[in-house]
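Data first, discussion second: the structure below is written as C-alpha cells.
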Amino acid sequence: MTNTKRALFLSIVSMFLCIVMLASTTFAWFTDSVESTNNIIKTGTLKVDLLNDSVSLKETPTHKIFDYQLWEPGYTQTEGLTLVNYGDLHFKYQLRIIPSGAPTALANVIDVYVEDAVTGRDTLTNKIGTLASVLSAGGVVISGNTSELTLSNGLEVFDKVVVLKMQESAGNDYQDMNLVEGTEGFSVRLDATQLTKEEDSFDDQYDKFADYDGEISSADALVAAFANGGTYKLIADITLEETLTVPAGNTVNLDLGGKTISSPATAIINEGTMTIANGKIENTTVNGDAVINNKGSMVLDSTSISGAPIGDSSSSYPAYAVRSSGNLVIEEGTIITSDRGALSLSGTGETVINGGTFASNDVNITGGYTSHVILVSYGAANQLTINGGNFEHRYAETSGGVVVNNWSATTVKVNGGNFSGGNYFGKWDNLSDYGYGMTSKPFSVTGGTFTGLDTKYVADGYVVTDNGDGTWTVGVKQNNTYTINDVEVSLSEESYDSITYHTNANYSDKIHAIEVYNKKDLLSAVKLIKEGVMVHNGQNDIPGEVIFMADIDFEGDVYSGFGKGFNVIGNGHTLSNIKFIAGDDGKAGFIAYAGNNVISDLTIADATVEGAQAGVFAGNASKVTLDNCALEGDIKVTFVASAVEEYNGVAAVFGVSAEGASTIDVDVTNANITIDRTGITYPGNYTPDGDVVGVVYGGSYTIA
C-alpha cells in the first residue's frame, strides 16, 4: 500500500514537471524587415517681387511708378520694371494696369509701349495699344511664364521698360482731365500663380485650373470656382461648353468685370447663394434654354442677360431669359431681354425688382404661344414685388401676350415702374391673369405708369391719373381739407377714411388711430395731437397711434414733432430728408419731448437736428421704447444753446435720457453720423454719456 502511494505521488510530480517544461518552450519563426527613413513632405514656395528703380514694390506698395500731373501732348514717361523670383515653384504671371474707377477719354490718347530697352524717343517700336484698349482687354501689359527657365533665388524673370506716351494729336478737349473719373489713381499690379510644370504621380495637370487670386480668365477656372465657392472677377470674355452650377450650401459672388459669358445652353444653375454684377451673360443658340435658372438665393446687379433668339418659331420656342423658383433680387442697371420673355417665376420664393430694363422682343411666336415679359406660373407661390424699372412688350400683334401675367396664388405688388405694350386678343392691358389666376386679387398696384391698366388692379386708396399722352399713372389721392373737432387739417382721402375713434365712451370724440401716406398727412396728424383731438395714454391705457402707410420724403422741410403719450407704427417705412429744429424749449427730435411713447419699425434717413436737447428720435426721452428702428444716410446733430434749458445733451438717438427707463433698438449700420457739441456745457457733475444718448439726467436706458 505504501509503495503504491509512493508510485502515485511520483507520477503526479512527473506530470507536473512535464507541463512546466512544455509551457516554457520558445517558438522561433523566420523574419526580415526593410525601413525607409527621413521621408519628407514639404510645400514649395511661390514668391516674387517687382522692382522699379531698385525699389521693392512688395516692401513699399505705396511707391508710385507713374507720378506726374502736368501731362501734355507728346509727353512720354518710361519706367523700368523687373520681375524677380525668390521661390522654387514655376509660375505664370501678368502685369496689369488697374484703374480705381471708370477711365475717362484721356485713356484714348495715351499710347502704351513695352520695350526691352529705351535709349530715346525715336526708339519706341513695340506699341501694344492705347491705354483705353489695354484697359478694355483686362489691363494686361506683360504676361508669360517660367516654363523655359531654370529657377533660382534672385532670378530676373523679365526686365522690361513700360512706356506711356500722350499722343501729339491730342487737342484742347483733354486739358485739365484725370485719367480716372474723380481721381488720378490707378494701380500697377503683378499677379503670379501656379503653372502646369511640376508633376505628380499622374501628370503635370493637377493645377491647370489655377488662376490669379480670384480672377478668372478661362471656362475651366470658372467651373472650378463655382464648385468651390468664393468671390471672383472675370478678366476676359468666356464661352462655356457646360453649364455652371453653384451647389446647395455654396456661395459665389461673381463680378463680371464688364466681360461677357456666352453659352449655347443654360449658363448658370444656382442652388446655393449667388450675386452676379457688372457684365453680360447670353444664350447664343436658336430656341435655346434659359440663361439662368435660380433655385436658391440670387442677386442680379447691373447685369445684362440676353435670352435665346427664336429661329423657326412654328416648331419650337425658346425659354425665358431667367427662370427662378427661389429668392431673387434684381437691382438697377440690370437688363433682361429675350424673344420669348424676360422672367419666369415658379416655386415658393420671393422676387423683388428694384429697377432695370425688362423686355420681350418684337418677334412673333406662332403655334398659339404667347410671350410675356414676366410670367408668374400657374400654381406658383412666388411673391413678386415690383418697386421700379422699365417693362416693355415689343410685339404688338393680337396674341402677343402681356407685360406681367400672373397665374399664381399670390398677389403681385406693383409699387412703381414704367409699363408699356402687351395685347392679348385685343385687350391692351399691361397686367393680366387671363382669368386663370388662383387668387381673387392677382395685382395690387400702388404706383407706376402704364399704357394700359385695368383699374380693378389698383389698390384701395390709390387713384389713376390720365397723363394725356396715352399713359396713366397710379398714385396716392391728393389731400383735401377736413374739419375734425373744430380743427382744420389737410388729409389725403385714404388718411381721412382711416381715422378710428376711441372705444371708451369718455373719449369717443377722440381719435384713436390715423394712417399717414404723405408729408401733409403727417403734419396734420401732429396738429390733431397738439390740439388735443387724439387720445393719449395719460387719458386711457390705450394710447393714440400714428401709422405710416408709405415712405415719406419731407423734402428738406422743418418738422416740429408731437408730444408725449402716443405710439408711432412705422410698418417698415422711412421718413427722410427732414429737419428737426428746437422751439423755445430747446428740445428737438422726431418727438421733441417724449414720454411713454413707443416707436416701432421706423427708419429715419438724412436728418438734421438742432437744439440744446437734440436727438433724431427724441430730444428729451422718458420711458420711451424704440423697437426695430433704424438711422440711415447722413445724420447730423448740432448743439444750439437755449435760454431756458441748461440740462444740455445731444446725440444720435436721444439727446437726453430723463426720468424712467427707456429701451433702444436702433440699427445705425447704414448711417453716417456727425455730432457737433461745440459750446455745450453741463450742469453740476453731469458728463456726456456717448453718441447714442447724450446725457443721462435721472433716467436710464437699455440698448436692445
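The values are calculated or read from the model by the stated rules, or taken from the named source; none is laboratory data. Being a predicted model, the structure only gives us computed values, none of them experimental. Note: ideal-geometry Cβ built from the backbone for every residue, glycine included; neighbour counts use all protein chains shown. Just the protein is used for accessible areas: all its heavy atoms, side chains included, with ligands, DNA and RNA removed. Shrake-Rupley method; radii C 1.70, N 1.55, O 1.52, S 1.80 Å.
What pairs come up if the first residue lies in region 126-154 and is in a helix (DSSP H, G or I), the second is surrounded by 13 or more Cβ atoms within 10 Å (Cβ to Cβ), and their beta carbons are under 6 Å apart, counting only those six or more places apart or on different chains?
LEU131/ALA107; LEU131/ILE110; LEU131/VAL112; ALA132/ALA107; ALA132/ASN108; VAL134/VAL112; LEU135/PRO103
Go through ALA236, ALA221 for me and flag whichever is small (Gly, Ala, Ser) and not in a loop (DSSP other than H, G, I, E, B).
After applying the criteria, what remains is ALA221.
Inspect all residues belonging to region 95-113 and state whether any of them is of a type in the set (Asp, Glu) and outside any strand (DSSP E or B). Break it down stepwise before answering.
First, pick out the residues of region 95-113 that are of a type in the set (Asp, Glu): 111.
If we keep only those that are outside any strand (DSSP E or B) too, we end up with none.
Scanning region 95-113 turns up no residue that is of a type in the set (Asp, Glu) and outside any strand (DSSP E or B).
Within region 250-283, how many residues are of a type outside the set (Gly, Ala, Ser), assigned to a loop (DSSP other than H, G, I, E, B) and farther than 17 Å from GLY326 by Cα?
Here the count works out to 3.
For region 164-181: of the residues being under 17 Å from ALA102 (Cβ atoms) and of a type in the set (A, V, I, L, M, F, W, C), which is least open to solvent (accessible area, probe 1.4 Å)?
VAL180
Quick one: is ALA290 of a type outside the set (Lys, Arg), within 26 Å of ILE353 (Cβ to Cβ) and outside any strand (DSSP E or B)?
yes
Name every residue in region 476-509 that is open to solvent by 20 Å² or more (accessible area, probe 1.4 Å) and either within 30 Å of PHE419 (Cα to Cα) or within 41 Å of the chain's Cα centre (by Cα) (or both), in order of residue number.
Passing the criteria: VAL476, LYS477, GLN478, ASN479, ASN480, SER490, GLU493, TYR496, ASP497, SER498, ILE499, THR500.
What number of residues within region 123-140 satisfy the criterion of being within 30 Å of GLY279 (Cβ to Cβ), modelled with pLDDT of 90 or more and out of contact with any Pro (no Cβ under 8 Å at 6 or more places or on another chain)?
Looking only at that region, the number is 4.
From the list PHE358, PHE419, which one is at pLDDT 90 or above, over 24 Å from VAL476 (Cβ atoms) and either surrounded by 17 or more Cβ atoms within 10 Å (Cβ to Cβ) or within 30 Å of the chain's Cα centre (by Cα) (or both)?
Values: PHE419 fails: over 24 Å from VAL476 (Cβ atoms).
None of the other options fit; the residue is PHE358.
Give me the residue from region 90-115 that is modelled with pLDDT under 90 and charged (D, E, K, R) and, out of that set, surrounded by the fewest Cβ atoms within 10 Å (Cβ to Cβ).
My answer is LYS92.
Pairs please, first residue from region 59-88 and in contact (Cβ under 8 Å) with a residue 24 or more places away in the chain and at positive phi, second anywhere and not basic (Lys, Arg) and not in a loop (DSSP other than H, G, I, E, B), Cβ atoms under 8 Å, 6+ apart in sequence or on different chains.
Close Cβ pairs (under 8 Å, with a partner that is not basic (Lys, Arg) and not in a loop (DSSP other than H, G, I, E, B)) amount to GLY74/MET166.
Answer yes or no: is there a residue in region 510-518 that is without any contact (Cβ under 8 Å) to a residue 40 or more places away in the chain and surrounded by fewer than 18 Cβ atoms within 10 Å (Cβ to Cβ).
no
Checking VAL84 against (1) among the hydrophobic types (A, V, I, L, M, F, W, C); (2) surrounded by fewer than 18 Cβ atoms within 10 Å (Cβ to Cβ); (3) touching a strand residue (DSSP E or B) at 6+ places or on another chain (Cβ under 6 Å): exactly one of these is not met. Which one?
Unmet condition: (2).
Given the options VAL458, VAL535, name the one that is among the hydrophobic types (A, V, I, L, M, F, W, C) and under 25 Å from LEU384 (Cα atoms).
Within the list VAL458, VAL535, the selection yields VAL458.
With the structure loaded, tell me whether ASN153 is crowded, with 17+ Cβ neighbours inside 10 Å and under 16 Å from VAL48 (Cα atoms) or whether it fails that test.
Judged against the criteria, ASN153 is not a match.
Mind checking which strands (runs of 3 or more DSSP E) fall wholly inside region 634-704 and carry at least 1 residues that are open to solvent by 80 Å² or more (accessible area, probe 1.4 Å)? Don't jump to the end; show me each part of the working.
Details: elements: 654-657, 661-667, 671-676, 693-696, 700-703.
Strands (runs of 3 or more DSSP E) meeting the threshold: 671-676, 700-703.
Step by step: first the residues of region 260-275, then only those that are touching an Asp or Glu at 6+ places or on another chain (Cβ under 7 Å) and under 18 Å from SER217 (Cβ atoms), then the one that is surrounded by the fewest Cβ atoms within 10 Å (Cβ to Cβ). Which residue is that?
THR260
Of the conditions (1) in contact with a Pro (Cβ under 9 Å, 6 or more places away or on another chain); (2) open to solvent by 30 Å² or more (accessible area, probe 1.4 Å), ASN283 fails just one. Which one is it?
That leaves (2) as the condition not met.
Working carefully through the options ALA550, ALA588, find the one that is open to solvent by less than 10 Å² (accessible area, probe 1.4 Å), closer than 24 Å to ASN628 by Cα and touching a residue at least 60 places away in the same chain (Cβ under 8 Å).
ALA588
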